[in-house]
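*Asks:* Starting off with a structure, shown below.
The values are calculated or read from the model by the stated rules, or taken from the named source; none is laboratory data. Everything numeric in this text was worked out from a predicted model, so none of it was measured. Every residue, glycine as well, gets a Cβ built from its backbone with ideal geometry; the counts of neighbours run over all protein chains shown.
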Number of protein chains: 2
Amino acid sequence: MTAANHNARLHEQLQEILKLLNKQKVVEALVHRQDMQKRNLVESLVHKQNIVELKLKLDLLHPADLAYVLETLPFDDRLILWEMVKPKRRGEILLEVSDAVRESLLAEMDHKEILAATEDLDTDELADLAPDLPSATFSELVDSMDGEDKAQLQSVMSYPEGSVGSLMNFEYVSIRDDVKLEAVLRYLRRLGDLPSHTDKLFVVDRKGLFKGILPVNRLLTGEAESLVRDNMATDAVSFRPEDLADEAAKAFERYDLITVPVVDSRNRLLGRLSVDEVIHHISGEFDSDMLSMAGLRQEEDLFASVWKSLQNRWAWLVINLVTAFIASRVVGAFEGTIEKLDALAALMPIVAGIGGNSGNQTAALIIRALALGQINGGNLRKLIAKEIYLSLLHGVLWGSITGFLAFLLYKSVPLGVVMTGAMMLNILVAALVGVFIPLGMHKLGRDPAMGSSVLLTATTDSMGFFIFLGLASIYLV
Amino acid sequence: MTAANHNARLHEQLQEILKLLNKQKVVEALVHRQDMQKRNLVESLVHKQNIVELKLKLDLLHPADLAYVLETLPFDDRLILWEMVKPKRRGEILLEVSDAVRESLLAEMDHKEILAATEDLDTDELADLAPDLPSATFSELVDSMDGEDKAQLQSVMSYPEGSVGSLMNFEYVSIRDDVKLEAVLRYLRRLGDLPSHTDKLFVVDRKGLFKGILPVNRLLTGEAESLVRDNMATDAVSFRPEDLADEAAKAFERYDLITVPVVDSRNRLLGRLSVDEVIHHISGEFDSDMLSMAGLRQEEDLFASVWKSLQNRWAWLVINLVTAFIASRVVGAFEGTIEKLDALAALMPIVAGIGGNSGNQTAALIIRALALGQINGGNLRKLIAKEIYLSLLHGVLWGSITGFLAFLLYKSVPLGVVMTGAMMLNILVAALVGVFIPLGMHKLGRDPAMGSSVLLTATTDSMGFFIFLGLASIYLV
């Protein structure tokens, strides 16, 4: 099936599921309204048939598609559907849904259900779920694992979030460097099934130390009689578990990688990082950047309770409230000036607003350049110089236009001149804070996007009012 | 090398390159200052040695790393370095740099240099560069191609930007369904080298119609005597060239794909989409979303000329200017009211500011949900209902706090009540525009992120002033 077809089909399936779900809710409502004893046999049959049909549909969906359907459903419908998913399949689906939705689903599952859902997962997958599982359930899961799995799980979980170690898996094929390609081919045939995304085999020596990689393509096209050692690449990219996932993602993008071995400081092979995890990581990072720029603490389930949403959003709104009051006190300090010339009250939001927007443009470019690692000691000065020149140009341009309009509106040349001067100064301030807020956040080891727009607007508002009303109080009244 | 090592090394190399570059600039300056005839032989030798060393360093860098170095260099240094890159390598590097930097590099190359840089590129790579090449140069390139390449190039270029067809390549291995795995292995060995990312072979019948895929892993582990037909998967994902790249990217992420065949409506195999192009596409989309939210028209070379930057940024600033004047006129309409009670001028930015921030939070979540395809007819009403409830809660919360603070500051109960009412109403307005601006953009077939923050702030400013000053003029003065 093609992508367009596929999408159309997925939407059709979603519609069908919704229809069946609604039918079922109607039947349930009817059944509830009647006395249990009088329950009509026919209705009960329709009900059962409905559920069977719905379950059948769900069984045929890919886990990722089912995750998508669950994410788009309002809370109640989501839980009704979740109850119909086979216990064994729930583990894979929990891995695919967003953190917020995962929480909502796990909250409805009891101990036994969680055990059933997770017992077939790989250790790295289990590690992904671990933070969200009830601790008693998680301990029981760990206790039931064999030694190797337990060691792997502890290894993955020992690395902090955002590290390569926390994303790696253990599904790789390792071979010795002193065997013939022929023998490798026989070995693979005996294995029967290779881990997904196996584009290369990892070569180790007798002591288990990582030596290099043998691309599967090389295995296919190489001389059967030749040794692995003579076919392997020794200069391939590898990661340490403590490397940042962001840096690893950049390497995947730059060098077009599919899988990369993860080795420790003594060069022992620990695991594998593969492109699917990297893509998920990139998408997740982008989402969090976009959301944190807008002042949200984390991703939010579209149908989260109002209370949960409030928790997610209040922190930056409080900061905003404080900064807004500061801006308000700045204006308050000039109340005498405004009283004498009330045109000032009407014009001051223009100075603040355009400063905010031009500053946000600068900040967005700096945040992006920081994410791409494009800013360093060598070019920072040039970069700041450029933003200052640009802001002077902007200042002259927008300052003259707004100054002229202010003159037209209020027939006052001095007012127009003050307007022009204030615009120029505030746009300069905006450029500086647009550069230094993200840079400062970055220096402090924080996400440069975090609330940058709230902080920036706060500065350009307060400074805009201060500059404009200050100039006005000196030159106009 | 590990990722951390790799990055450290890349930075070291960047520093060394910068040092050599600076030395060379000093030498050049000296040489210029002296009379050409008196030019000191030693200096000239140092100069040459410098260049040789620098060129050597550049030759050893991966094209993607060299692209990164070029992107971080200010304009002049970038061009000096570019001159030192071997003509043959320039094509690969042009493919890796951002659009803005690519333009700056191509502008400095003449007809011959561009031909030398591009003659070894694959047709799909050439298609990527085509829009930026001078048309005379491009025609000459096309004329020199053989028939098949020309047809491929025309095919890729006939699909609009953002479609699967515009991203596909032609590096795939296709095999017939009626041969034995053994024969396929022999065929691959004869080919010698497989296209990068070959995780599967594409199976076609005698007429060249696409039948299914044979995973390389299956080839390695399957029975040598069995037929391709009995080993291939027929239900694999495929794309049409006219499918949206965004949708294809979602499929890659959902189903963890590496390569996917592209087929036409008659099921003829046209090309291949591979994960590296998808990753580039995803990163590009993220960047453009983030930048367009801030009101930038496109990605910007960090060291673009001030003039070019102005062109990129002015459009949304003009819109902002217009909306700021509208907001200003709203305030202007209430000048009489403000004159009587100048506390209003100090308090009105609070109403506008908090509305803007809470609206931006809502908009960010909606933009993200639209990007993930999570919004549909079925859940839209619930979603709007939730945001309205939340905004009422926010309104009561922040409205009471700000109302109480306004009362404390100005010792006026009516002023506090008006403040509370205005906050509640404007936060409600903010939630509605936060939902409907992105949705409206999406309905119009536009990028929902585009300038959303500018439009949203414009509405919450104007409405905030109108509501607050309007209530004040009715109840206070």
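*Asks:* Regarding residue A:404, is this residue more than 27 Å from residue A:326 (Cα to Cα) and at pLDDT 95 or above?
*Replies:* yes
*Asks:* Further question on the same structure: Considering only the stretch A:70-110, state which residues are more than 19 Å from the chain's Cα centre (by Cα) and either in a loop (DSSP other than H, G, I, E, B) or hydroxyl-bearing (Ser, Thr, Tyr) (or both).
*Replies:* A:73, A:74, A:85, A:86, A:107, A:108, A:109, A:110
*Asks:* Any residue in the stretch B:219-241 that's in contact (Cβ under 8 Å) with a residue 24 or more places away in the chain and at the interface with chain A (Cβ under 8 Å from one of its Cβ atoms): show its pairings with residues that are in a loop (DSSP other than H, G, I, E, B) and of a type in the set (Val, Ile, Thr) at Cβ separation under 8 Å, as long as the two are six or more apart or on different chains.
*Replies:* Pairs that qualify, where the first residue is in contact (Cβ under 8 Å) with a residue 24 or more places away in the chain and at the interface with chain A (Cβ under 8 Å from one of its Cβ atoms) and the partner is in a loop (DSSP other than H, G, I, E, B) and of a type in the set (Val, Ile, Thr), are B:238/A:2; B:239/A:2; B:240/A:2.
*Asks:* Select from the stretch A:218-255 the residues that are under 24 Å from residue B:275 (Cα atoms) and of a type in the set (Asp, Glu) and write down the one among them that is nearest to the chain's Cα centre (by Cα).
*Replies:* If we take residues in the stretch A:218-255 being under 24 Å from residue B:275 (Cα atoms) and of a type in the set (Asp, Glu), then A:246 is nearest to the chain's Cα centre (by Cα).
*Asks:* Pull up the stretch A:203-241, narrow it to residues that are among the aliphatic types (A, V, I, L, M) and assigned to a strand (DSSP E or B), then point me to the one that is farthest from residue B:199 (Cα to Cα).
*Replies:* Going through the qualifying residues, I end up with A:209.
*Asks:* Something else about it: Out of (1) within 33 Å of the chain's Cα centre (by Cα); (2) farther than 17 Å from residue B:448 by Cβ; (3) among the small types (Gly, Ala, Ser), what's the single condition that is false for residue B:371?
*Replies:* Here residue B:371 meets the rest and fails (2).
*Asks:* Only one residue in B:392, B:405 is touching a Phe, Trp or Tyr at 6+ places or on another chain (Cβ under 9 Å) and within 11 Å of chain A (Cβ to nearest Cβ). Which one?
*Replies:* Checking each option against the conditions leaves just B:405.
*Asks:* Another question about this same structure. How many residues are in a helix (DSSP H, G or I), modelled with pLDDT under 85 and among the hydrophobic types (A, V, I, L, M, F, W, C) when one looks only at the stretch A:336-388?
*Replies:* 1
*Asks:* So, in the stretch B:435-477, how many residues would count as being assigned to a helix (DSSP H, G or I) and acidic (Asp, Glu)?
*Replies:* Total meeting the criteria: 1.
*Asks:* State all residues of the stretch B:124-154 that are polar (S, T, N, Q) and touching a strand residue (DSSP E or B) at 6+ places or on another chain (Cβ under 9 Å); if no residue qualifies, say none.
*Replies:* Listed by number, the list holds a single entry, B:152.
*Asks:* In the stretch B:297-311, what count of residues is obtained for those that are crowded, with 21+ Cβ neighbours inside 10 Å and in a helix (DSSP H, G or I)?
*Replies:* Residues that pass the stated criteria total 1.
*Asks:* Please list, ordered by first then second residue, the pairs with beta carbon atoms under 7 Å, 6 or more apart or interchain, first in the stretch A:54-78 and more than 10 Å from chain B (Cβ to nearest Cβ), second basic (Lys, Arg).
*Replies:* A:59/A:86; A:70/A:78
*Asks:* Mind counting the residues in the stretch A:353-368 that are more than 28 Å from the chain's Cα centre (by Cα) and at the interface with another protein chain (Cβ under 7 Å from one of its Cβ atoms)?
*Replies:* 2
*Asks:* Related question: Being surrounded by fewer than 18 Cβ atoms within 10 Å (Cβ to Cβ) and either of a type in the set (A, V, I, L, M) or touching a Pro at 6+ places or on another chain (Cβ under 9 Å) (or both) is the filter here; which residues of the stretch A:101-111 pass it?
*Replies:* Across the stretch A:101-111, the qualifying residues are A:107, A:111.
*Asks:* Sticking with this one: Under 6 Å by Cβ, and 6 or more places apart or on different chains, what pairs join a residue from the stretch A:83-102 that is farther than 20 Å from residue A:286 by Cβ with one that is surrounded by fewer than 19 Cβ atoms within 10 Å (Cβ to Cβ)?
*Replies:* Correct list of pairs: A:84/A:55; A:87/A:116; A:91/A:121.
*Asks:* Any idea which residue in the stretch A:400-434 is nearest to residue B:318 (Cα to Cα), counting only those that are without any contact (Cβ under 8 Å) to a residue 40 or more places away in the chain and of a type in the set (Val, Ile, Thr)?
*Replies:* Among residues in the stretch A:400-434 that are without any contact (Cβ under 8 Å) to a residue 40 or more places away in the chain and of a type in the set (Val, Ile, Thr), the one nearest to residue B:318 (Cα to Cα) is A:401.
*Asks:* Checking residue B:379 against (1) at the interface with another protein chain (Cβ under 7 Å from one of its Cβ atoms); (2) touching a residue at least 12 places away in the same chain (Cβ under 8 Å), which test does it fail?
*Replies:* Unmet condition: (2).
*Asks:* Of these, B:153, B:185, B:115, which one is in contact with a Ser or Thr (Cβ under 9 Å, 6 or more places away or on another chain), part of a helix (DSSP H, G or I), of a type in the set (A, V, I, L, M) and surrounded by fewer than 19 Cβ atoms within 10 Å (Cβ to Cβ)?
*Replies:* Answer to the check: B:115.
*Asks:* Does residue B:328 satisfy being at the interface with another protein chain (Cβ under 7 Å from one of its Cβ atoms), farther than 28 Å from residue B:104 by Cβ and either crowded, with 22+ Cβ neighbours inside 10 Å or not basic (Lys, Arg) (or both)?
*Replies:* So residue B:328 fits the description; yes.
*Asks:* Since residue B:295 meets every condition but one in (1) without any contact (Cβ under 8 Å) to a residue 40 or more places away in the chain; (2) at the interface with chain A (Cβ under 8 Å from one of its Cβ atoms); (3) more than 19 Å from residue B:167 (Cα to Cα), which condition does it not meet?
*Replies:* Unmet condition: (1).
*Asks:* Quick check on the stretch A:250-269. Is at least one of its residues surrounded by fewer than 18 Cβ atoms within 10 Å (Cβ to Cβ) and either in contact with a Gly (Cβ under 9 Å, 6 or more places away or on another chain) or not assigned by TED's automatic domain parsing to the domain that holds residue A:238 (or both)?
*Replies:* Yes, there is a match, as at least one residue in the stretch A:250-269 is surrounded by fewer than 18 Cβ atoms within 10 Å (Cβ to Cβ) and either in contact with a Gly (Cβ under 9 Å, 6 or more places away or on another chain) or not assigned by TED's automatic domain parsing to the domain that holds residue A:238 (or both).
*Asks:* Let me ask you something else. From the list A:110, A:128, A:99, A:122, which residue is under 26 Å from residue A:170 (Cα atoms) and either in contact with a Phe, Trp or Tyr (Cβ under 9 Å, 6 or more places away or on another chain) or at pLDDT 90 or above (or both)?
*Replies:* A:122
Residue by residue, here is whether (1) modelled with pLDDT under 95; (2) crowded, with 17+ Cβ neighbours inside 10 Å holds:
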site	(1), (2)
A:399	no, yes
A:409	yes, yes
A:418	no, yes
A:421	no, yes
A:425	no, yes
A:428	no, yes
A:431	no, yes
A:437	yes, yes
A:440	yes, no
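*Asks:* Based on what the data block shows, is residue A:129 under 27 Å from residue A:24 (Cβ atoms), of a type in the set (A, V, I, L, M) and in a helix (DSSP H, G or I)?
*Replies:* So residue A:129 does not fit the description; no.
*Asks:* On to the next question. Here are the criteria: (1) away from chain A (no Cβ under 11 Å); (2) in contact with a strand residue (DSSP E or B) (Cβ under 8 Å, 6 or more places away or on another chain). Tell me which single one residue B:199 does not satisfy.
*Replies:* Tallying (1) away from chain A (no Cβ under 11 Å); (2) in contact with a strand residue (DSSP E or B) (Cβ under 8 Å, 6 or more places away or on another chain), residue B:199 fails exactly one: (1).
*Asks:* Among the numbered criteria (1) of a type in the set (A, V, I, L, M, F, W, C); (2) more than 30 Å from the chain's Cα centre (by Cα); (3) modelled with pLDDT under 90, which single criterion is violated by residue A:201?
*Replies:* Going through (1) of a type in the set (A, V, I, L, M, F, W, C); (2) more than 30 Å from the chain's Cα centre (by Cα); (3) modelled with pLDDT under 90 one by one, residue A:201 breaks only (3).
*Asks:* Which residues, counting only those in the stretch A:111-152, are within 22 Å of residue A:271 (Cα to Cα) and of a type in the set (Asp, Glu)?
*Replies:* A:119, A:120, A:122, A:124, A:125, A:128, A:146, A:148, A:149
*Asks:* Within the stretch B:242-264, count every residue that is assigned to a loop (DSSP other than H, G, I, E, B) and more than 9 Å from every other protein chain (Cβ to nearest Cβ).
*Replies:* Total satisfying the criteria: 1.
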